[in-house]
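The values are calculated or read from the model by the stated rules, or taken from the named source; none is laboratory data. None of the values given here were measured: they were computed from a predicted structure. Here Cβ is always computed from backbone atoms with ideal geometry, including for glycine, and neighbour counts include all displayed protein chains. The accessibility values were calculated without ligands, DNA or RNA, using every heavy atom of the protein model including side chains. Shrake-Rupley method; radii C 1.70, N 1.55, O 1.52, S 1.80 Å.
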Amino acid sequence: MTRDAAGPSSSSMTPSFLEFILIVSVMLLVPVQPVSAHPQCLDFEPPFKPLWHLEFCKQYETFGCCDQKTDNQIAERYWDIIDHLEIADYELCADMLKEVMCQECSPYAAHLFDAEDPYTPVRELPGLCFGFCSEFHGKCRHVVKYLTENQLLQNTCERDMLTFCHMVDLSDQDYCYPNVLKTPDLTGNLGQVVEDPRGCLQLCLTEVANNLRNPVLMLHSNDDTHRMFIAEQVGFVWVYLHDGSRLEQPFLDLTGEVLTTPWLGDERGFLGMAFHPKYQDNGRFFIYYSIQVNSGPDNIRVSEMKVSAYDMNMADPYSERVIIEIEEPAANHNGGQLLFGLDGYLYIFTGDGGKAGDPFGKYGNAQNKSALLGKVLRIDVDGSDTNGRQYRIPPDNPFLGAPDARPEVFAYGVRNMWRCSVDRGDPVSRYGRGRIFCGDVGQNRYEEIDIIVKGGNYGWRAKEGFECYDMKLCHNSSLNDILPIFAYSHHVGKSVTGGYVYRGCESPNLNGLYIFGDFMSGRIMALEEDKTTGNWKERSVCMGEIKTCSFPGLINHHHKFIISFAEDEAGELYFLATAYPSTESPFGTVFKFMDPSRRAPPGKCKQKLLPVKVRGKKFPFVPKELTVLDTNEKPTRPPPRKFKLTTKPPVTSSQVKTTTADSATNADSATTADSATTADSATTADSATTADSATNADSATTAASATTADIATTADSATTADSTTTADSTTTADSTTTADSTTMTSTALKLKWKSLDKKARKKNKLKPRKKSKVLNEQTADTQMEDNTLRRKSKKRGGGKERRRKKTSVIKPDSNQVNLNSNHTVIASLKVNALETPMNLKDNTDHTKKKIHRRKGARKQTKHEKDSIMSKEPASDNNAFMNKTITDWTKSSRTMRNQPQEKSNPGGTDKGL
């Protein structure tokens, strides 16, 4: 993506030659590539409507790229940055900083961060329009170092506004912030299904399975395993797991029984399958296929089978029980749909017998209620009757007891219904639940979609679609036929393939759309219901353009011959198509629908899967279709790094003059009484005359005498007593113990008060302490070394000079020293004001926690260089603790006695 380097015409704003070279260098990093912007988030998915209210980035709570979790994370990062600002900077910059950070929630976040184009460099700042960027630079340039780790951006921001704003600008001014919110073409239909100029709904696809030979159906067993069973016309049924892999052994192999040929367009074969509603308990399922017995006429057979008792992914080949067989007078119009309604009965959809115009009998098979062809049959497969039938007749079948009708008939007047489905109903209101939709293949002029009702006459052969086919039957007053909800002529398509009403979770915009297609033309269509009138309106569906489907793994094309539609256990919609409709052609592919304009909120569609025991091998899915984006390129990038802030704010003159607990490290204010009375110290005047330094509820303090200076550690820590510490260490500043204890107590109390101040924004959960034998030993060793050091110091120097040097050496840095990690060893301090480490292994977690500062908190003084910072990895804690003790001791000697420098034993300068 190129950047426009043109700036204002004023000579004063013209960049220098070096700045110009810098801009050109940045531009050369990005090859010129066309970019097509579309709504997309930084996690590579379409935007969504959050389930819950957003507290921080409220402008995107109706539609965007953030859920509550992401919104809270952005807010946390924002307040971390605010804590590093002065009050004046906060008032100047807070609002613009929030706007910039909330662009991660924008529906166009991927474009703002250059995440759509695989050739552009990684952005950690969104694309800002020049005017907005100029104002942002003027007010907030000092916070850029907290927003990005890119050194080039940081340096450029500090040096020159013009160059910085050209670097963060976008070449397309319609998409930079805030122009992206003002462009009607981008915001007008945001969140709705994209339509082309003709009103066609643009959808995208993902490839799910391939190498199938005329896949005629795909269904699930509704047992919470989310397996998919895909049947090929030749008689194989394959198991596909939720991860897309296929099992080596087929679930069912009826290739020896199924009647089919490799002829192009042969309609016979394995045609239908349905799992019993209680399949998870009884293992029963039903199949529908063509068969020829002893060279006799073709039959269609409906049988019951059971799953193997030893393998949940294989059927028992010896369990077949024939339910019903119907003779077929011709090779075409074989029907083939099986499904269970919400009533628990099995519905069987048969064709009219074949040939053309239903020439069988006076009125044809479809209008003859005494024939089973051209019908919708309904039977009860959970029992048998006294007449020898392997099923029972439901008591409410419409023609039960009629002298001229078969009791199995539920509806009649159908030609060749190819693919029917049961509507799950609206996920919230349950509207439409239980409706049965079917696509009925026409003769010469029309294809139609019907909703099946009990006792309904669907007109064939009297009518085809809305028009008359047999004029004599069509004008019969007793016809009383039910019109289709939709019909289309043969200039659109010549063989309808029924589909499903979308009731899934992943594409909310598609909810309620009945999606179907045409086998011959390859067109995909949709119907939308007007609930007030009950009428259905056609919505054309087309494959999305390249920019619409520019998401990882998406495709915008499919094979021409649409054989069937399918629905998985979660309600997501698929269709099965092939490039060559032959039972021996391995070009069958399963595609899944995907709406690129809007998705469900993250986590809403998560499914709990039951485990699947696999006995044989699995073949992983290998996609073959060409995706819109090259699979070898990373089309998008992860969201901006959420690195923790470690940079301290600059020191101001006002902060240096303040007297807090930090001032206890100054040689001129080393008295304990003065430190105990500062605002940051929560101790009372009485506690200043004792040696009790407990500072929080986690510290188990003991009742110390005014003449003793034993410092009690927590109940979980072993108490270490120093016999050399006396009442002088409490009442005077000559004792290092008192200076250490007072300084660290004040700092700890200050940090604790800060934590409580920020509790409204982030809850800090203090972990309970645990005993650490190793830690206690190290503490005792440290005490002994310190005592030795103190005795040597008394021999070498005066009290006042020693007092000054001691206080300057042990001054802690609340931002650089991690109190929780116990890396800073203070000889006389046994109480950790924040938290005692659980054990040495826990130090990794403790060192990673940052100490938050409240707004206006006191900064470092000129003694910052004397602070102790731990940079050692947590895995080397034992070696690190010993080394730190040694280094601290040596450094203390150096500062007290001023001998020549000594190198660390490990060769690494700890930088006191």
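Normalised by 2.2 N^0.38 Å, with N the number of residues, the alpha-carbon radius of gyration of region 402-448 equals 1.55. Taking label positions 7 Å along the Cα-Cβ direction at both E195 and N222, the computed distance is 3.6 nm, reported to one decimal.
A Förster radius of 25 Å, combined with the Cβ-Cβ distance separating D385 from L342, puts the computed FRET efficiency at roughly 0.60. Fully extending the segment from A331 to A88 would add 78.9 nm, taking 0.36 nm per residue of separation and subtracting the current Cα-Cα distance.
Using a 1.4 Å probe, what is the accessible area per residue for region 64-156, in Å²? Walk me through the intermediate numbers first.
Working: 3200 Å² over 93 residues.
On a per-residue basis, 34 Å².
Along the charge dipole of region 172-230, pointing to its positive end and built from +1/-1 on Cβ of Lys, Arg, Asp and Glu, which listed residue (S221, L203, L190) has its Cα farthest out? With unit charges placed on the Cβ atoms, the residue in question is S221. Quick one: with all protein chains in place, what share of the accessible area of region 97-208 is carbon or sulfur, to the nearest percent (1.4 Å probe)? Percent of accessible area from carbon and sulfur atoms in region 97-208: 48.
Compute the projected area of the convex hull of the Cα atoms of region 414-496, averaged over all viewing directions, and report it in nm² to one decimal place. Can you show the working numbers first?
Working: hull surface 24.0 nm².
So the Cα hull casts an average projection of 6.0 nm².
Would you mind getting me the FRET efficiency between N444 and L626? Use the beta-carbon distance for r and R0 = 25 Å, nearest 0.05. Let's see the in-between values first.
Working: r = 37 Å, r/R0 = 1.48.
About 0.10, to the nearest 0.05.
Calculated over region 395-551, the projected area of the Cα convex hull averaged across directions stands at 11.7 nm².
If contacts are Cα pairs under 8 angstrom and at least 6 residues apart, what is the relative contact order of region 421-573 in percent?
Values: 314 pairs, mean separation 29.2, N = 153.
For region 421-573, the relative contact order is 19 percent.
Does region 352-459 classify as rounded, prolate or oblate by the C-alpha gyration tensor (a ≥ b ≥ c root eigenvalues; a/c under 1.5 gives rounded; else a/b over b/c gives prolate, otherwise oblate)? Don't jump to the answer; show the numbers that get you there.
Details: a/c = 2.18, a/b = 1.03, b/c = 2.12.
It is oblate, given that a/c is not under 1.5 and a/b is not larger than b/c.
With the biggest extent put first, the Cα atoms of region 525-628 measure 53, 37, 30 Å across the principal axes. The relative contact order of region 263-321 comes to 24 percent, based on Cα pairs under 8 Å that sit 6 or more residues apart. Accessible area per residue for region 171-297 is 41 Å², calculated with a 1.4 Å probe on protein heavy atoms, without ligands, DNA or RNA. Computed from the C-alpha gyration tensor, the three semi-axes of the ellipsoid equivalent to region 71-200 are 29, 17, 13 Å, from longest to shortest. Separation of region 505-584 from region 412-470 is 18 Å, based on Cα centroids.
When the gyration tensor of region 462-596 is built from Cα positions, what are the square roots of 5 times its three eigenvalues, in whole Å, from largest to smallest? Don't jump to the answer; show the numbers that get you there.
Working: eigenvalues 189, 81, 33 Å².
Sorted largest first and rounded, they come to 31, 20, 13 Å.
Hey, which of these cross-link pairs are over 23 Å Cα-Cα: K537/K606; K98/K606; K278/K613? Violating the 23 Å Cα-Cα cut-off are K537/K606; K98/K606.
Determine, from the Cβ-Cβ distance of I485 and T187 and an R0 of 41 Å, the FRET efficiency 1/(1 + (r/R0)^6), rounded to the nearest 0.05. All intermediate terms of the calculation are to be shown ahead of the outcome.
Details: r = 35 Å, r/R0 = 0.85.
So, using R0 = 41 Å, E works out to roughly 0.75.
Based on the mean of other Cβ atoms within 10 Å per residue, sort peptides 566-577, 54-65, 394-405 so the most packed one is first. Write down the numbers at each step before the final one.
Values: 566-577: 21.8, 54-65: 18.9, 394-405: 13.7.
The packing order, highest mean first, is 566-577, 54-65, 394-405.
Given the peptides 94-105, 306-317, 250-261, 454-465, arrange them by the average over their residues of other C-beta atoms within 10 Å, most packed first. Intermediate values should be presented prior to the final figure.
Details: 94-105: 20.3, 306-317: 16.2, 250-261: 18.5, 454-465: 22.2.
Ranking, from highest mean packing down: 454-465, 94-105, 250-261, 306-317.
Nonpolar atom fraction for region 414-476, defined as the carbon and sulfur part of the 1.4 Å probe accessible area, stands at 50 percent. Look at the alpha carbon pairs under 8 Å that are at least 6 residues apart: their mean separation over the length of region 489-585 gives a relative contact order of 26 percent.
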